[in-house]
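Here is the structure we will look at, set down as structure tokens.
Derivation of every value follows stated rules applied to the coordinates shown; laboratory data play no part. All of these numbers come straight from a predicted model, not from anything done at the bench. With ideal geometry, Cβ positions are generated from the backbone for all residues, glycine too; neighbour counts draw on all protein chains shown.
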Amino acid sequence: MTAMQLLSPTAMGALAVLLALGVDRLWGEPPARWHPVVWMGSYLGWTGRRIAPPARTALAPPWRVFMLGAVAWLIGAVLVVLVAWALVRVLDSAPQGLQALALGLLLKPLLAWRMLRDEVGAVEAALCESLPAGRARLAWLVSRDVTTLDAAQVRESAIETLAENLNDSVVAPLFWFAVAGLPGAALYRFANTADAMWGYLGERQGRDWTWAGKWAARADDVLSWLPARITALLLCLLGWVRHGWRLPVQAAQTPSPNSGWPMAAMALALDVQLSKPGVYALHPQGRSPEARDTAKALKLAGRVVGALALLAAVALWMALGRHTA
């Protein structure tokens with residue numbers, strides 16, 4: 001009996017992770033029409049227009065808007081989990097090699113390291129051309145107003161986005177895949193996409209999201225809580241942060257219970273200040289980031305992705321070793 005015929009669920013999952021990361025490295029994102037996160041966004045956009053009341057109008061009772069948002073989120077989450085579960089069930093009857101390949105291909109769209117790396121690098125490249133070009137490119141990545149940012153603040157925003165989305169787009173999907181398989185990764189990606197589209201206080205795109213997006217924001221907080229801290233730990237370990245005890249204090253400076261952790265870890269690892277004017281300042285004793293710091297941040301984030309691939313490879317090797325012994 002061959003090793004491929006002996007693949008355990010652990011080995012199958014580890015091989016799928018390696019395949020997903022390999023496909024991401026080589027080809028990046030699939031076309032939008034085949035991208036499940038795009039489909040999630042379409043559902044969230046359609047329902048969002050129906051649950052969030054227009055801004056500056058007489059508001060519906062907050063409890064009613066909140067309930068509409070919660071129900072719409074739950075319906076979407078159940079659909080996503082059921083589709084992922086059904087796909088896994090369909091694969092059960094296939095040869096194990098084909099199962100692992102298909103599972104890796106299905107997992108790939110739920111993580112996005114190459115796109116994140118390229119977009120952050122593009123901000124730095126544009127900033128080297130001119131400040132307006134850097135601001136314009138950053139606007140693709142962040143929802144904040146970029147028109148008043150100076151060069152250092154543009155870099156800060158890009159590095160913050162890299163650190164935060166290293167968790168949201170890589171570590172957290174793989175964490176939930178390890179915990180609950182493809183349905184777990186799909187549920188996390190749906191929750192994170194819903195938070196990105198609905199999780200706002202006040203007005204966005206002409207609608208009031210204060211109550212409509214509250215459930216989505218809290219669900220993402222819960223699902224991201226542990227992965228965000230794992231991401232921060234990996235950044236500290238691989239970035240040789242000497243004063244890791246500062247991390248919880250720095251992370252607490254941000255309004256989010258989670259995003260501050262990887263951002264603070266990145267700030268400490270690079271010894272730079274990362275801030276959002278009027279909101280928070282992480283590692284304020286650090287210097288202003290320079291072009292070389294963006295390159296260092298990308299290199300450090302790449303080490304984290306490499307460490308995850310190494311962990312998957314070790315898990316695969318150990319699982320195969322147990323079955324062939």
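Data overview
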| read-out | value |
| --- | --- |
| Residue list for segment 110-129, given a label point 7 angstrom along the Cα-to-Cβ vector of LEU26 and an amide N cut-off under 16 Å | 114 |
| Inter-part distance where segment 163-229 and segment 232-256 are each reduced to a Cα centre, Å | 21 |
| Proxy reagent accessibility, fewest Cβ within 10 Å first, across VAL120, VAL81 | VAL81, VAL120 |
| Which of LEU103, GLY206, VAL83, positive extreme of dipole for the chain (C-beta unit charges) | VAL83 |
| Dipole in debye (nearest 20) - segment 137-206, about Cα centre, beta carbon charges: Lys, Arg +1; Asp, Glu -1 | 200 |
| Candidate lysines for bridging to LYS214, where Cα separation is under 30 Å - those fewer than 8 sequence places away on the same chain excluded | LYS108, LYS276 |
| Exposure proxy order (Cβ contacts within 10 Å, fewest to most) of ILE51, ILE159, ILE75, ILE230 | ILE75, ILE230, ILE51, ILE159 |
| For the chain, calculated [θ]222 nm from helices alone, where every DSSP H run of n ≥ 4 adds -39500 (n - 2.57) | -23000 deg cm²/dmol |
| Cα gyration tensor shape for the chain, rounded if a/c is under 1.5, else prolate or oblate | oblate |
| Debye, to nearest 20: dipole size of segment 174-325, +1 on Lys, Arg Cβ, -1 on Asp, Glu Cβ | 300 |
| Within a Gaussian network of the chain (alpha carbon springs, distance under 10 Å), most fluctuating of GLY104, GLY13, GLY202 | GLY202 |
| Mean Kyte hydropathy of -0.5 or more with a Cα span along the axis of at least 18 Å, helices from DSSP in the chain | 9-27, 36-51, 62-91, 113-129, 151-166, 172-198, 214-238, 291-324 |
| Förster-model FRET efficiency, 56 Å R0, ARG56 and LEU82, C-beta, rounded to 0.05 | 0.90 |
| Sites matching chymotrypsin sites (Phe, Trp or Tyr not before Pro) across segment 224-303 that sit in DSSP coil, with at most 11 neighbouring C-beta atoms within 10 Å | TRP240 |
| Burial ranking of peptide ranges 175-181, 187-193 (average Cβ count within 10 Å, highest at the top) | 187-193, 175-181 |
| Fewest-first sequence of LYS299, LYS214 by Cβ atoms within 10 Å of each Cβ | LYS299, LYS214 |
| Dipole magnitude (debye, nearest 20) for the chain, charges at Cβ of Lys, Arg, Asp, Glu | 300 |
